[in-house]
Amino acid sequence: MNSPHWKQIIDSFCHSKGYSRLEPRAALFDMDGTLYDSMPGHARAWMDMCRGEGIEATPDDFFMAEGRTGADTIEMLMQRSFGRSATAADVERLYAIKSANFRAQPPVGVMPGAQSAVGHCLQRGLATVLVTGSGQTSLIDRLAADYPGAFAMKVSSRDVRHGKPRPEPYLRAMQLAQVQPWQAIVVENAPLGVRSGAAAGVFTVGVVTGPMPAQVLADAGATVVFGSMPEFSEALPEMLSAMLDS
Ligand code: CA
(Lines give C-alpha, C1' and ligand atoms only; values in the text may rest on other atoms or scores of the structure.)
Protein backbone atom coordinates (compact mmCIF):
# COMPACT_ATOMS: atom_id res chain seq x y z
CA MET A 1 0.00 0.00 0.00
CA ASN A 2 1.46 3.40 -1.00
CA SER A 3 1.15 6.07 1.73
CA PRO A 4 -2.45 5.47 2.81
CA HIS A 5 -4.59 8.55 3.46
CA TRP A 6 -4.70 7.93 7.16
CA LYS A 7 -6.95 10.81 8.12
CA GLN A 8 -9.58 9.62 5.66
CA ILE A 9 -9.32 5.98 6.80
CA ILE A 10 -9.51 6.99 10.48
CA ASP A 11 -12.42 9.42 9.97
CA SER A 12 -14.41 6.90 7.99
CA PHE A 13 -13.78 4.18 10.63
CA CYS A 14 -14.80 6.53 13.48
CA HIS A 15 -17.91 7.56 11.59
CA SER A 16 -18.95 3.93 11.03
CA LYS A 17 -18.55 3.16 14.74
CA GLY A 18 -19.86 6.41 16.16
CA TYR A 19 -16.50 7.21 17.81
CA SER A 20 -15.53 10.87 18.06
CA ARG A 21 -11.84 9.99 17.71
CA LEU A 22 -9.21 7.26 17.92
CA GLU A 23 -6.58 7.57 20.59
CA PRO A 24 -4.79 4.22 20.90
CA ARG A 25 -3.35 3.37 24.30
CA ALA A 26 -3.06 -0.36 23.63
CA ALA A 27 -1.96 -2.52 20.70
CA LEU A 28 -3.51 -5.98 20.69
CA PHE A 29 -1.37 -8.49 18.78
CA ASP A 30 -2.25 -11.96 17.53
CA MET A 31 0.66 -14.44 17.89
CA ASP A 32 0.80 -17.24 15.28
CA GLY A 33 1.38 -15.85 11.81
CA THR A 34 1.69 -12.33 13.23
CA LEU A 35 4.52 -12.32 15.82
CA TYR A 36 5.91 -15.70 14.76
CA ASP A 37 6.20 -17.35 11.36
CA SER A 38 4.61 -20.43 12.86
CA MET A 39 1.62 -21.21 10.64
CA PRO A 40 3.36 -23.62 8.20
CA GLY A 41 4.63 -25.56 11.23
CA HIS A 42 1.18 -25.66 12.83
CA ALA A 43 -0.37 -26.87 9.56
CA ARG A 44 2.26 -29.66 9.34
CA ALA A 45 1.68 -30.65 12.98
CA TRP A 46 -2.10 -30.84 12.43
CA MET A 47 -1.66 -32.81 9.18
CA ASP A 48 0.65 -35.37 10.86
CA MET A 49 -1.86 -35.83 13.70
CA CYS A 50 -4.71 -36.29 11.20
CA ARG A 51 -2.80 -38.86 9.13
CA GLY A 52 -2.06 -40.90 12.26
CA GLU A 53 -5.71 -40.81 13.32
CA GLY A 54 -7.35 -41.46 9.95
CA ILE A 55 -8.84 -37.96 9.86
CA GLU A 56 -9.15 -36.40 6.41
CA ALA A 57 -7.72 -32.89 6.04
CA THR A 58 -5.69 -30.63 3.79
CA PRO A 59 -3.17 -27.96 4.90
CA ASP A 60 -5.61 -25.26 3.67
CA ASP A 61 -8.10 -26.40 6.33
CA PHE A 62 -5.68 -25.17 8.98
CA PHE A 63 -4.94 -21.83 7.32
CA MET A 64 -8.70 -21.21 7.08
CA ALA A 65 -9.26 -22.32 10.71
CA GLU A 66 -6.30 -20.24 11.92
CA GLY A 67 -7.12 -18.38 15.12
CA ARG A 68 -9.62 -20.93 16.39
CA THR A 69 -8.84 -22.71 19.64
CA GLY A 70 -7.48 -26.25 19.33
CA ALA A 71 -10.76 -27.57 20.77
CA ASP A 72 -12.81 -25.80 18.07
CA THR A 73 -10.52 -27.11 15.32
CA ILE A 74 -10.77 -30.67 16.66
CA GLU A 75 -14.58 -30.37 16.83
CA MET A 76 -14.62 -29.32 13.16
CA LEU A 77 -12.39 -32.29 12.18
CA MET A 78 -14.42 -34.87 14.15
CA GLN A 79 -17.72 -33.63 12.75
CA ARG A 80 -16.43 -33.72 9.20
CA SER A 81 -14.62 -37.08 9.32
CA PHE A 82 -16.79 -39.05 11.73
CA GLY A 83 -20.07 -37.10 11.91
CA ARG A 84 -19.91 -36.73 15.68
CA SER A 85 -18.86 -34.24 18.33
CA ALA A 86 -15.43 -34.38 19.91
CA THR A 87 -15.47 -35.54 23.53
CA ALA A 88 -13.31 -33.80 26.15
CA ALA A 89 -11.04 -36.87 26.02
CA ASP A 90 -10.72 -36.57 22.19
CA VAL A 91 -9.78 -32.93 22.52
CA GLU A 92 -7.17 -33.59 25.19
CA ARG A 93 -5.60 -36.55 23.39
CA LEU A 94 -5.58 -35.13 19.84
CA TYR A 95 -4.36 -31.70 20.93
CA ALA A 96 -1.55 -33.37 22.91
CA ILE A 97 -0.45 -35.24 19.76
CA LYS A 98 -0.63 -32.08 17.65
CA SER A 99 1.31 -30.09 20.26
CA ALA A 100 4.01 -32.78 20.49
CA ASN A 101 4.31 -32.79 16.67
CA PHE A 102 4.72 -29.01 16.71
CA ARG A 103 7.38 -29.11 19.44
CA ALA A 104 9.32 -31.82 17.54
CA GLN A 105 9.82 -29.48 14.57
CA PRO A 106 12.72 -27.04 14.19
CA PRO A 107 12.05 -23.83 16.17
CA VAL A 108 9.97 -21.28 14.26
CA GLY A 109 11.34 -17.83 13.52
CA VAL A 110 10.12 -14.45 14.64
CA MET A 111 7.99 -12.87 11.88
CA PRO A 112 10.23 -10.42 9.98
CA GLY A 113 9.11 -6.85 10.73
CA ALA A 114 7.12 -7.76 13.83
CA GLN A 115 9.77 -6.78 16.39
CA SER A 116 10.08 -3.30 14.95
CA ALA A 117 6.27 -2.90 14.85
CA VAL A 118 5.95 -3.95 18.50
CA GLY A 119 8.95 -1.78 19.43
CA HIS A 120 7.37 1.25 17.82
CA CYS A 121 4.11 0.71 19.73
CA LEU A 122 6.09 0.62 23.00
CA GLN A 123 8.00 3.73 21.99
CA ARG A 124 4.73 5.58 21.47
CA GLY A 125 3.64 4.57 24.97
CA LEU A 126 1.08 1.95 23.96
CA ALA A 127 0.50 -1.06 26.18
CA THR A 128 0.92 -4.31 24.23
CA VAL A 129 -1.37 -7.30 24.79
CA LEU A 130 -1.03 -10.79 23.31
CA VAL A 131 -4.32 -12.29 22.07
CA THR A 132 -3.96 -15.87 20.88
CA GLY A 133 -6.22 -18.87 20.28
CA SER A 134 -3.21 -21.04 21.02
CA GLY A 135 -2.83 -22.86 24.32
CA GLN A 136 0.68 -24.06 23.47
CA THR A 137 3.31 -22.82 25.83
CA SER A 138 6.28 -23.43 23.52
CA LEU A 139 5.88 -20.08 21.75
CA ILE A 140 4.21 -18.13 24.57
CA ASP A 141 7.29 -18.88 26.70
CA ARG A 142 9.60 -17.30 24.10
CA LEU A 143 7.80 -13.94 24.03
CA ALA A 144 9.78 -12.36 26.86
CA ALA A 145 13.07 -13.08 25.07
CA ASP A 146 11.93 -12.24 21.53
CA TYR A 147 9.78 -9.21 22.45
CA PRO A 148 11.45 -7.72 25.54
CA GLY A 149 9.31 -5.29 27.49
CA ALA A 150 6.13 -6.29 25.66
CA PHE A 151 3.23 -8.65 26.33
CA ALA A 152 3.13 -8.65 30.12
CA MET A 153 -0.62 -8.98 29.45
CA LYS A 154 -1.85 -12.08 27.64
CA VAL A 155 -5.16 -13.61 26.62
CA SER A 156 -4.86 -17.26 25.53
CA SER A 157 -7.35 -20.03 24.76
CA ARG A 158 -7.54 -20.77 28.49
CA ASP A 159 -8.91 -17.31 29.30
CA VAL A 160 -11.99 -17.29 27.06
CA ARG A 161 -15.18 -19.26 26.66
CA HIS A 162 -15.78 -18.29 23.02
CA GLY A 163 -12.58 -17.92 20.96
CA LYS A 164 -12.00 -16.14 17.65
CA PRO A 165 -13.95 -15.33 15.45
CA ARG A 166 -16.12 -14.24 18.42
CA PRO A 167 -15.14 -10.88 19.96
CA GLU A 168 -14.49 -12.24 23.47
CA PRO A 169 -10.66 -12.58 23.21
CA TYR A 170 -10.25 -8.93 22.18
CA LEU A 171 -12.85 -7.73 24.69
CA ARG A 172 -10.86 -9.53 27.42
CA ALA A 173 -7.64 -7.93 26.18
CA MET A 174 -9.19 -4.46 26.43
CA GLN A 175 -10.38 -5.23 29.96
CA LEU A 176 -6.84 -6.22 30.91
CA ALA A 177 -5.38 -3.04 29.41
CA GLN A 178 -8.28 -0.97 30.79
CA VAL A 179 -9.07 0.65 27.46
CA GLN A 180 -12.16 1.18 25.32
CA PRO A 181 -12.43 0.06 21.66
CA TRP A 182 -11.56 3.59 20.41
CA GLN A 183 -8.34 3.38 22.46
CA ALA A 184 -6.94 0.23 20.83
CA ILE A 185 -5.68 -1.25 17.60
CA VAL A 186 -5.67 -4.95 16.62
CA VAL A 187 -2.99 -6.60 14.46
CA GLU A 188 -4.03 -9.90 12.85
CA ASN A 189 -3.05 -12.11 9.91
CA ALA A 190 -6.04 -14.46 9.58
CA PRO A 191 -9.69 -13.96 8.57
CA LEU A 192 -11.17 -15.38 11.81
CA GLY A 193 -8.89 -13.20 13.90
CA VAL A 194 -9.78 -10.13 11.86
CA ARG A 195 -13.49 -10.91 12.38
CA SER A 196 -12.88 -11.16 16.12
CA GLY A 197 -11.11 -7.79 16.30
CA ALA A 198 -13.69 -6.08 14.08
CA ALA A 199 -16.57 -7.55 16.12
CA ALA A 200 -14.95 -6.09 19.24
CA GLY A 201 -15.25 -2.65 17.60
CA VAL A 202 -11.51 -2.11 17.23
CA PHE A 203 -9.50 -0.56 14.37
CA THR A 204 -8.21 -3.85 12.92
CA VAL A 205 -5.06 -4.07 10.82
CA GLY A 206 -4.94 -7.16 8.59
CA VAL A 207 -1.45 -8.25 7.53
CA VAL A 208 -0.88 -10.87 4.83
CA THR A 209 1.87 -13.22 6.03
CA GLY A 210 0.89 -16.51 4.36
CA PRO A 211 -1.21 -17.99 1.55
CA MET A 212 -4.37 -16.02 2.45
CA PRO A 213 -4.96 -13.22 -0.12
CA ALA A 214 -5.47 -9.60 1.04
CA GLN A 215 -9.08 -9.60 -0.15
CA VAL A 216 -9.98 -12.34 2.35
CA LEU A 217 -8.82 -10.09 5.21
CA ALA A 218 -10.68 -7.08 3.79
CA ASP A 219 -13.84 -9.18 3.44
CA ALA A 220 -13.46 -10.33 7.05
CA GLY A 221 -13.71 -6.69 8.14
CA ALA A 222 -10.12 -5.42 8.37
CA THR A 223 -10.04 -1.60 8.56
CA VAL A 224 -6.84 -1.63 6.53
CA VAL A 225 -4.75 -4.43 4.95
CA PHE A 226 -0.98 -4.62 4.40
CA GLY A 227 0.81 -7.02 2.06
CA SER A 228 3.49 -7.97 4.60
CA MET A 229 4.64 -7.31 8.15
CA PRO A 230 7.65 -5.16 7.08
CA GLU A 231 5.21 -3.05 5.02
CA PHE A 232 2.98 -2.58 8.08
CA SER A 233 5.93 -1.84 10.31
CA GLU A 234 7.14 0.85 7.93
CA ALA A 235 3.71 2.52 7.76
CA LEU A 236 2.99 2.25 11.50
CA PRO A 237 4.72 5.46 12.69
CA GLU A 238 2.64 7.53 10.26
CA MET A 239 -0.54 5.63 11.18
CA LEU A 240 -0.06 6.17 14.92
CA SER A 241 0.89 9.80 14.41
CA ALA A 242 -2.31 10.38 12.45
CA MET A 243 -4.24 8.94 15.42
CA LEU A 244 -2.29 10.39 18.34
CA ASP A 245 -1.08 13.76 17.10
CA SER A 246 -4.33 15.04 15.62
CA1 CA B 1 -2.83 -15.75 13.50
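The values are calculated or read from the model by the stated rules, or taken from the named source; none is laboratory data. Because the structure is a prediction, the values reported are computed rather than measured. Because the Cβ atoms are built from the backbone with ideal geometry, glycine has one as well, and the counts that use them run over all protein chains shown. The protein model used for the area step is the full one, side chains on, heavy atoms only, and it has no ligands, DNA or RNA in it. Shrake-Rupley method; radii C 1.70, N 1.55, O 1.52, S 1.80 Å.
If I model a spin label at Arg44 and Ala89 as a point 7 Å from the Cα along the Cα→Cβ vector, what separation in nanometres do I get?
Using points 7 Å along Cα→Cβ, the separation is 3.2 nm.
Per residue of the chain, what 222 nm ellipticity follows from adding -39500 (n - 2.57) for every DSSP H run with n ≥ 4, rounded to the nearest 500?
For the chain, the value works out to -14500 deg cm²/dmol.
How big is the stretch 39-103 by the Kirkwood estimate over distinct Cα pairs, in Å?
Across the stretch 39-103, the inverse of the average 1/r is 11.5 Å.
From largest accessible area down, sort Ser116, Ser246, Ser228; use a 1.4 Å probe on the protein chains.
Putting Ser116, Ser246, Ser228 in descending order of accessible area: Ser246, Ser116, Ser228.
Per-residue accessible area for Leu28 at 1.4 Å probe radius, Å² rounded to 10?
0
At a probe radius of 1.4 Å, what is the per-residue accessible area of Leu240, in Å² to the nearest 10?
0
In degrees, nearest 10, range 0 to 90: what is the angle between the Cα axis of helix 70-82 and the longest Cα principal axis of the chain?
Tilt of helix 70-82: around 50 degrees.
Express in Å², to the nearest 10, the accessible area of Ile185 obtained by rolling a 1.4 Å probe over the protein heavy atoms while all chains stay in place.
The value for Ile185 is about 0 Å².
7 Å from Cα along Cα→Cβ at both Gln8 and Asp245: what's the point-to-point distance in nm?
So the label points at Gln8 and Asp245 sit 2.1 nm apart.
Could you tell me which trypsin sites (Lys or Arg not before Pro) in the stretch 98-165 are loop residues by DSSP with no more than 12 other beta carbons within 10 angstrom of their beta carbon?
In loop regions of the stretch 98-165 (DSSP not H, G, I, E or B), the sparsely surrounded trypsin sites (Lys or Arg not before Pro) are Arg161.
On a 0 to 90 degree scale, rounded to 10, what angle separates helix 114-123 from the longest Cα axis of the chain?
With rounding to tens, the tilt is 40 degrees.
Under a Cβ-only charge scheme (Lys and Arg +1, Asp and Glu -1), can you give me the dipole magnitude of the chain about the Cα centre, in debye to the nearest 20?
Dipole magnitude for the chain comes out near 520 debye.
Based on Cβ point charges of +1 for Lys and Arg and -1 for Asp and Glu, what charge dipole magnitude is obtained for the stretch 39-103 about its Cα centre, in debye rounded to the nearest 20?
It works out to roughly 160 debye.
Treating the chain as a set of equal point scatterers at the Cα positions, no solvent, please give the Debye-formula log₁₀ I(q)/I(0) at q = 0.08, 0.09, 0.14 Å⁻¹.
Taken in order of the listed q values, log10 I(q)/I(0) reads -0.29, -0.37, -0.87.
Can you tell which of Gln8, His42, Leu28 lies farthest toward the positive end of the dipole of the stretch 1-62, using +1 and -1 charges on the Cβ of basic and acidic side chains (Lys, Arg; Asp, Glu)?
Projecting each Cα onto the dipole axis, the largest value belongs to Gln8.
Please compute the per residue accessible area over the stretch 57-183 with all protein chains in place, 1.4 Å probe, rounded to a whole number of Å².
49
In the stretch 39-103, what percent of the accessible surface is made up of carbon and sulfur (1.4 Å probe, ligands and nucleic acids excluded)?
Its accessible area is 54 percent carbon and sulfur atoms.
Please report the spacing between the Cα centers of the stretch 211-246 and the stretch 96-168 in Å, no decimals.
19
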